[in-house]
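Have a look at the structure below before the remarks.
No value in this document is a laboratory result; all are computed from the given coordinates. Please read all numbers here as calculations on a predicted model, not as lab measurements. Heads up, the Cβs are rebuilt from the backbone with ideal geometry, glycines too, and the neighbour counts pull from every protein chain shown.
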Amino acid sequence: YIENASSRAELRQNIAAALEFIFSAERAEARRLRAEVIGSAVSRPELRAAVAATDLDYARQVAQAYGVAVESGWVAASVDIRGVALWAQGVINSRVTIEFNGDPNVAAAWDGLTKSAILAAIFGD
C-alpha cells in the first residue's frame, strides 16, 4: 500500500483500506491467536522475548517501508514510525475484546475511532 501510492492522499486512502482489512472478520482468528500468544508470554520469559523481538522487527520493517513517504514529504520526518507501528499494533490487538461482546455497532464505532487515531498519528491531522 505504501509502494503503490503516488501522493499523500493516495497513501492515506491505501492505509485506510489496509486498516479495513486488518479490522475485518476475516482476520479475527489471527487476532485471537495473537492475543493467546501475548497472554501466554506474560508468564513465559522466553516467549515474551520472542514476541518482543518479532514486534521490534515488524516496527523496523514498517519504518523502512515508510521511508519513501517521509522522503516525499507525505509523512513528517518527526513522526516516529516505529513507535506508531508498535502502538497501532497494540491497539489492533485489543480488538479481540470488542469481538467478545458481538455487538456490530460497537465494532463499527471501534473501527472508525481506531482508523482515525492511526491516520492522525501518521499524518498529524
Quiz item: of a type in the set (A, V, I, L, M) and either more than 15 Å from Ala16 (Cβ to Cβ) or exposed (fewer than 13 other Cβ atoms within 10 Å of the Cβ) (or both): does that describe Leu86?
Solution: yes
Exercise. Quickly run through the stretch 1-36 and pick out the residues that are surrounded by 15 or more Cβ atoms within 10 Å (Cβ to Cβ) and free of Cβ contacts under 8 Å to residues at least 40 places away in the same chain.
Key: Tyr1, Asn14
Quiz item: If we scan the stretch 106-113, do we find a residue that is closer than 19 Å to Ile2 by Cα and in contact with a Phe, Trp or Tyr (Cβ under 9 Å, 6 or more places away or on another chain)?
Solution: no
Quiz item: Which of the residues spanning the stretch 90-105 are surrounded by fewer than 16 Cβ atoms within 10 Å (Cβ to Cβ) and either within 22 Å of Ile2 (Cβ to Cβ) or in contact with a His (Cβ under 8 Å, 6 or more places away or on another chain) (or both)?
Solution: Gly90, Val91, Asn93
Practice problem: Provide a single number: the residues in the stretch 90-106 that are among the acidic types (Asp, Glu) and closer than 15 Å to Arg31 by Cα. | Solution: 1
Quiz item: Among the residues of the stretch 74-91, which ones are of a type in the set (Gly, Ala, Ser) and touching a residue at least 40 places away in the same chain (Cβ under 8 Å)?
Solution: Ala76
Self-check item: The listed residue being among the basic types (Lys, Arg), out of contact with any strand residue (DSSP E or B) (no Cβ under 6 Å at 6 or more places or on another chain) and under 19 Å from Gly124 (Cα atoms), out of Arg82, Arg27
Solution: Arg82
Exercise. Considering only the stretch 13-47, state which residues are farther than 17 Å from Thr114 by Cβ, of a type in the set (Gly, Ala, Ser) and assigned to a helix (DSSP H, G or I).
Key: Gly39, Ser40, Ala41
Exercise. Scan the stretch 48-98 for residues that are in a helix (DSSP H, G or I) and among the polar types (S, T, N, Q) and jot them down.
Key: Thr54, Gln61, Gln64, Gln89, Asn93, Thr97
